[in-house]
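Some notes on the structure that comes next.
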Amino acid sequence: MASSLRSAAIATRLAGPGDAKAMASIHVACFARSWDDASISQFLLAPGCLSLLAARAQGGPAEGFLIARKAEDEAEILTLAVHPDSRRLGLAHALVQAAMARLRAAGASRLFLEVDAANAPAHALYLSFCANEVGRRPGYYEHGADAVIFSLALSPLAADDGSGVKRQTSVWDGKDSGTG
């Protein structure tokens, strides 16, 4: 994705239960087998799940979202969707970047994801974060395509408040990332 196509004002924020319908609408536009708002609501309320929205401007309508799940020191992107009319603007990049930061802050050291082997834009996105292909699942998708499994290393992140004592913050502390 070329930087010149990215908007400088992409905003990310935590998604809440009231965002399920908008997220489902985006998912329907992106995937043949999409999740409805009831399915998305389950993730929004589940412990260990991180759900983020992205828009081209602070307070703008959601144009993309990401749902990840953390267990112990590993995390997995469950879905990443950007409305087709809003692609190639940097929304997916901002979502992955924000998720990585929040998951790292919550103690995750590795992030996994699966993507259709034929989805070149997604491959390019994950490779831009130095992801490594660690496996394949033959015929994983309903239409017969293989899934490529990627792994991203997340280095530990500790905030230093100047006291010499390192502290970690929660990934879901309610603070929005602003620009992802």
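Count charges around Ser109 for me, please; just the other residues with Cβ under 10 Å from its Cβ, Lys/Arg as +1, Asp/Glu as -1. Don't skip to the end; give the middle numbers.
Working: positive: Arg104, Arg110; negative: Glu72, Asp73, Glu74.
Surrounding charge for Ser109 is -1.
Return Leu127, Leu66 ranked ascending by Cβ neighbour count within 10 Å, so the fewest neighbours appear first.
Working: Leu127 12, Leu66 27.
By the 10 Å Cβ count, ascending, the order reads Leu127, Leu66.
On the beta carbon distance between Ala71 and Ala118, with R0 = 22 Å, the FRET formula returns roughly 0.15.
In order along region 109-122, phi translates into HN-Hα couplings of 10, 8, 10, 10, 7, 10, 8, 4, 4, 8, 8, 4, x, 5 Hz, rounded to whole numbers, per the Karplus curve 6.51 cos²θ - 1.76 cosθ + 1.60 with θ = phi - 60° and x for Gly and Pro.
Between beta-carbons, use under 15 Å as the cut-off and find the net charge around Ser34, counting Lys and Arg +1, Asp and Glu -1. All intermediate terms of the calculation are to be shown ahead of the outcome.
Values: positive: Lys21, Arg33; negative: Asp36, Asp37, Asp116, Glu142.
Here the count lands on -2.
Between region 19-52 and region 73-113, the alpha-carbon centres lie 14 Å apart. In this simple spin-label model, placing a label point 7 Å from the Cα along the Cα-to-Cβ direction at both Ser128 and Asp85 gives a separation of 2.2 nm. Here the 3J(HN,Hα) profile of region 126-139, calculated from phi with Karplus coefficients 6.51, -1.76 and 1.60 at θ = phi - 60°, is 5, 5, 5, 9, 6, 5, 10, 6, 10, x, 9, 10, x, x Hz, Gly and Pro shown as x.
Read-outs: derived from the displayed coordinates by stated rules, not from any lab. Since this is a predicted model, take the numbers as computed values, not measurements. Please note: Cβ atoms are built from the backbone with ideal geometry, for glycine as well, and neighbour counts cover all protein chains shown.
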